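K.L.:
Before I ask anything, let me first share the structure, which is written out below as structure tokens.
Read-outs throughout are calculated quantities, based only on the coordinates presented, and are distinct from any laboratory measurement. Owing to the predicted nature of the structure, the values given are computational and were not obtained by experimental measurement.
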Amino acid sequence: MSVNAYQKARKIVETPRATEHRLMGQVTGEMISAAAAGKTGAALVGCLHHNREVWSAFSNACATQGNELPAALRGQIISIALWVDRHTSAVIGGRETIDALIDVNRSVMEGLAASNDGTGVAAHS
């Protein structure tokens, strides 16, 4: 099976929540690998940028009119995204480590895995 055929099939059967979990797993794995390789500060820019993009997408989805997630949850996700942005700058500047970003992503992944409804952040927009 070609990669394109696999990706099309996955899109058909994968729930939005599963897609978000997979994406969060990929970016978290990138950060874990970079940390394990001893990278710090500016050497982490690639994986940190990818993480920022994911959180920005989550935040934008939550801010979109028509998103059906509860208002409190949308607010929490937007707040986390803002924190991720600030903390990422501190990591790049060498003032913080990447560990807290990894921990937050892992917690979100646990929440995504625990839910049974199959919907995700972006699915409600």
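K.L.:
May I have the convex hull volume per residue, in Å³, for the Cα set of the stretch 18-88?
P.N.:
Here the figure is 82 Å³ per residue.
K.L.:
If you don't mind, another one. Could you give the length gained on full extension between Q26 and E110, defined as 0.36 nm per residue of separation minus the Cα-Cα distance, in nm?
P.N.:
On the way: separation 84, 0.36 × 84 = 30.24 nm, distance 1.41 nm.
Length gained between Q26 and E110: 28.8 nm.
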